[in-house]
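Take a look at this one; I'll ask things after.
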Amino acid sequence: MSEKIIEVVDLGKEVKDAIGTLTILSAVSFSVKTGETVAIVGASGSGKSTLLGLIAGLDRGTHGTVRLGGEDLSSLDEDGRARLRAAKVGFVFQSFQLLPHLSALENVMLPMELQGAGSARERSQDMLAEVGLAKRFHHYPKTLSGGEQQRVALARAFVMRPPLLLADEPTGSLDAATGLGIMDLMFKLNSEYTSTLVMVTHDTDIAKRCARRLTLSAGQLIADESLAPLAHEYDATR
Ligand SMILES: Nc1ncnc2c1ncn2[C@@H]1O[C@H](COP(=O)(O)OP(=O)(O)OP(=O)(O)O)[C@@H](O)[C@H]1O
Ligand SMILES: [Mg+2]
């Protein structure tokens, strides 16, 4: 359990605009071991989503290194990063990011089919049933409630059993009760299928369910705290 799934070393992100250079992230270093649950917290604009995008290889830093499962993202081209991401990372976003012209089932099947995974339909149906949507396979996103859309997104994220789940404000668009249900489901799926969870959240109660909390302020990592207990241990005692 001591393998490092994420290693971030001296990571920086700057953008240039007409006025000058804007520093979004500066000298951020930390690593995450397989099995950890990590909350990234900080004020709006502190760089949380930017950091998550860099960890996922969706964007590139201007300084420093990100290694995912030991592979340096900067040594890979866009296709290589996409392959690594497909193999290792599941995503959940605040805005669900379902494809509107695909049914719930097709949304879950798509990443599997892109990877040529076998039994995509059966596995996607099983996964949707597991998140409580056995009767919604053929619904399009606009005919699903927000909580249901997020459950489709969870099914899509977990169906390939990625070793790492990245979540950016996964309950940010949901009412408190629905958000709590999504969070319970996410921790349950994470302990069942995925061993490592890194989640951006504004919600201090949700952050407390993670074993570790990283705090960003104006693009800098200002705190890295361990919180007991681990989420899956926490779940087991409920
Ligand atoms: N491509 C970009 N070009 C210019 N500025 C950017 C870009 N991406 C992000 N920023 C700026 O970087 C800062 C950090 O953005 P980021 O989205 O990472 O914040 P955040 O911590 O996720 O905030 P929130 O909690 O509101 O989602 C913001 O001030 C944003 O305006
Ligand atoms: Mg954000």
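Checking the condition more than 16 Å from ligand 1 (Cβ to nearest atom) and open to solvent by 50 Å² or more (accessible area, probe 1.4 Å), which residue from ALA87, ALA120 passes?
One residue alone meets the criteria, ALA87.
Something else now. Scan (1) in a loop (DSSP other than H, G, I, E, B); (2) more than 14 Å from ligand 2 (Cβ to nearest atom); (3) open to solvent by 20 Å² or more (accessible area, probe 1.4 Å) for the single condition HIS202 breaks and write down its number.
It fails just one condition, (2).
Moving on to the next point. So, in segment 218-238, of the ones that are open to solvent by 50 Å² or more (accessible area, probe 1.4 Å) and among the small types (Gly, Ala, Ser), which residue ends up modelled with the highest pLDDT?
ALA218
I need the full set of residues from segment 42-63 which are open to solvent by 30 Å² or more (accessible area, probe 1.4 Å) and either over 18 Å from ASP10 (Cα atoms) or touching a Lys or Arg at 6+ places or on another chain (Cβ under 9 Å) (or both), in order please.
ALA43, SER44, GLY45, THR50, LEU58, ASP59, ARG60, GLY61, THR62, HIS63
Quick one: SER29 ticks every box in (1) in a strand (DSSP E or B); (2) free of Cβ contacts under 8 Å to residues at least 60 places away in the same chain; (3) open to solvent by 40 Å² or more (accessible area, probe 1.4 Å) except a single one, so which number is it?
So SER29 meets the others, but not (2).
For segment 1-56, enumerate the residues that are touching an Asp or Glu at 6+ places or on another chain (Cβ under 8 Å) and of a type outside the set (Val, Ile, Thr).
Passing the criteria: LYS13, LEU22, ALA27, SER29, PHE30, SER31, LYS33, LYS48, SER49, LEU52, GLY53.
Still on this structure, please answer the following. Please state which one of LEU105, LEU165 is outside any loop (DSSP other than H, G, I, E, B), within 14 Å of the chain's Cα centre (by Cα) and on the phi < 0 side of the Ramachandran plot.
Working: LEU105 fails: within 14 Å of the chain's Cα centre (by Cα).
Only one candidate qualifies: LEU165.
Report yes if THR50 is without any contact (Cβ under 8 Å) to a residue 12 or more places away in the chain and polar (S, T, N, Q), otherwise no.
no
Right, another one. Taking the condition surrounded by 15 or more Cβ atoms within 10 Å (Cβ to Cβ), on the phi > 0 side of the Ramachandran plot, modelled with pLDDT under 95 and not polar (S, T, N, Q), does PHE158 pass?
When the stated conditions are applied, PHE158 does not pass them.
Additional query: Considering SER26, SER46, which residue is on the phi < 0 side of the Ramachandran plot, within 16 Å of ligand 1 (Cβ to nearest atom) and in contact with a Ser or Thr (Cβ under 6 Å, 6 or more places away or on another chain)? Let's see the steps before the verdict.
On the way: SER26 fails: in contact with a Ser or Thr (Cβ under 6 Å, 6 or more places away or on another chain).
Result: SER46 is the single residue among SER26, SER46 that is on the phi < 0 side of the Ramachandran plot, within 16 Å of ligand 1 (Cβ to nearest atom) and in contact with a Ser or Thr (Cβ under 6 Å, 6 or more places away or on another chain).
Does PRO111 satisfy the condition of being exposed (fewer than 14 other Cβ atoms within 10 Å of the Cβ) and either more than 16 Å from ligand 2 (Cβ to nearest atom) or within 29 Å of LEU174 (Cα to Cα) (or both)?
Judged against the criteria, PRO111 is not a match.
List pairs: first in segment 150-176 and closer than 19 Å to GLU130 by Cβ and within 13 Å of ligand 1 (Cβ to nearest atom), second assigned to a helix (DSSP H, G or I) and open to solvent by less than 10 Å² (accessible area, probe 1.4 Å), Cβ under 7 Å, 6+ apart or cross-chain?
ALA167/MET186; PRO170/GLN150; PRO170/ILE182; PRO170/MET186
Now for a different question. What number of residues in segment 56-65 are within 15 Å of the chain's Cα centre (by Cα) and more than 12 Å from ligand 1 (Cβ to nearest atom)?
Result for segment 56-65: 2.
How many residues does segment 179-198 contain that are open to solvent by less than 50 Å² (accessible area, probe 1.4 Å) and not hydrophobic (A, V, I, L, M, F, W, C)?
Here the count works out to 6.
Return yes when ARG81 is open to solvent by less than 70 Å² (accessible area, probe 1.4 Å), under 27 Å from MET183 (Cα atoms) and more than 16 Å from ligand 1 (Cβ to nearest atom) and no when it is not.
It is false that ARG81 is open to solvent by less than 70 Å² (accessible area, probe 1.4 Å), under 27 Å from MET183 (Cα atoms) and more than 16 Å from ligand 1 (Cβ to nearest atom).
Which of (1) within 16 Å of ligand 2 (Cβ to nearest atom); (2) open to solvent by 30 Å² or more (accessible area, probe 1.4 Å) does ARG67 not meet, given it meets every other one?
So the condition that ARG67 fails would be (1).
The values are calculated or read from the model by the stated rules, or taken from the named source; none is laboratory data. The structure presented is a predicted model; accordingly, all values stated were derived computationally and were not measured. Ideal geometry is used to build each Cβ from the backbone, glycine not excepted, and the neighbour counts take in all protein chains shown. Remember, those area values only see protein heavy atoms, side chains included, never the ligands or the DNA or RNA. Shrake-Rupley method; radii C 1.70, N 1.55, O 1.52, S 1.80 Å.
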